[in-house]
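The structure appears below as C-alpha cells.
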Amino acid sequence: MTDDDPRTTHFGFQTVGEDEKAGMVHGVFTSVAARYDVMNDLMSGGVHRVWKNAMMDWLAPRPDQRLLDVAGGTGDIAFRFLARAPGAEAVVLDMTESMLVEGRKRAEAAQLADSLGWVVGDAMALPFPEASFDAYTISFGIRNVTRIDAALAEAFRVLRPGGRLMVLEFSQVPNPLLQRVYDIYSFNVIPAIGQIVTRDRASYQYLVESIRRFPDQDRFAEIIRAAGFEQVKYRNLTMGVAALHSGWKL
C-alpha cells in the first residue's frame, strides 16, 4: 500500500481514508453528547434499556470481577454492572471526552466513584497492560471503530484467561418485510428526531447508515472467532434489530 493509495473504510455510506474516520466519529459524538441518553430513549422507545439489562443477565457480573467498558460514553453499562456486583470494579473508556463528562454528571457516578474509572482512549490501542480485566463490553460502539479486527485483538489482549467479551450492537433483521419497515423508520424518523432534539440531522443519518454497513450476526461471530475467542454465540434482540455476541478467552 503506497501513500498514493491509502487504506479506506466506510463512514456511513461514504468511503473515507482510515486516518479520517476516527476524527469524523469523534465529531459525531462530540456534537450529540449532551443529548445522547435522551436520543437513545426516543429512538428506541426505551427498549435500549431492556437490551442492556439482557446483556447484564447473560454476563452475570460477580463482585470479584474487573470490567472494561469500551465506547462506554455516559456509563450505562458500567453502572448496571456495578449495581449487580457490589465490590466489583469498572473502567469506562471512550474516545470522546465530552461523552465521559456527561457520564460523570450522572448521580450513579458519584455513588460509585471508588470503584469506577473514566479513561479517554482508543479501542484499537488500549492503554492497559495485557490480562488486566475479567470482562470486556462494548455497546453500540464496535461499528464506529475504524478496524474492528484491531479492536477485537486489543480486547483479547487485555482480557485475563477465562475472561469474557460481550458486544451489544445493532444488527440485521432476518425477516425481509420487517427489515423494510425498520429501514423506513430508521432513514426517515431517526434523523428527523436528531434534528429536533440535537439540531444535528447529519450525525444521526451517519448512525443509521453505519448500522447497515455492519456485518450480520453470523459474519460478526466469525470475526470474533478470528480474533481468538472461543465458544462464540449470539442472541437476537427485538427480532434482530440488535444482537448480543459473547466470546471467551480460553
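The values are calculated or read from the model by the stated rules, or taken from the named source; none is laboratory data. Predicted model only: the values in this text are computed from it and were never measured. Please note: Cβ atoms are built from the backbone with ideal geometry, for glycine as well, and neighbour counts cover all protein chains shown.
Some values worked out for this structure:
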| item | result |
| --- | --- |
| Qualifying residue in segment 139-148 (condition: within 16 Å of the chain's Cα centre (by Cα) and over 19 Å from Lys21 (Cβ atoms)) | yes |
| Conditions (1) without any contact (Cβ under 8 Å) to a residue 60 or more places away in the chain; (2) touching a Ser or Thr at 6+ places or on another chain (Cβ under 8 Å): number failed by Glu230 | (2) |
| Considering residues of segment 208-218 that are of a type outside the set (Asp, Glu) and in contact with a Phe, Trp or Tyr (Cβ under 9 Å, 6 or more places away or on another chain) only, the residue modelled with the highest pLDDT | Gln217 |
| Residue within segment 55-65 that is of a type in the set (S, T, N, Q), surrounded by fewer than 23 Cβ atoms within 10 Å (Cβ to Cβ) and in contact (Cβ under 8 Å) with a residue 60 or more places away in the chain present | yes |
| Segment 188-201 residues that are at pLDDT 85 or above and surrounded by 15 or more Cβ atoms within 10 Å (Cβ to Cβ), paired with ones that are of a type in the set (Ser, Thr, Tyr) and part of a helix (DSSP H, G or I) (beta carbon under 6 Å, 6 or more apart) | Ile190/Tyr204; Pro191/Tyr204 |
| Positions within segment 223-238 being over 17 Å from the mean Cα position of the chain (by Cα) and either surrounded by 13 or more Cβ atoms within 10 Å (Cβ to Cβ) or not in a helix (DSSP H, G or I) (or both), in sequence order | Arg225, Ala227, Gly228, Phe229, Glu230, Gln231, Val232, Lys233, Thr238 |
| Members of segment 98-147 that are under 20 Å from Tyr206 (Cβ atoms) and part of a helix (DSSP H, G or I) | Ser98, Met99, Glu102, Ile142, Arg143, Asn144 |
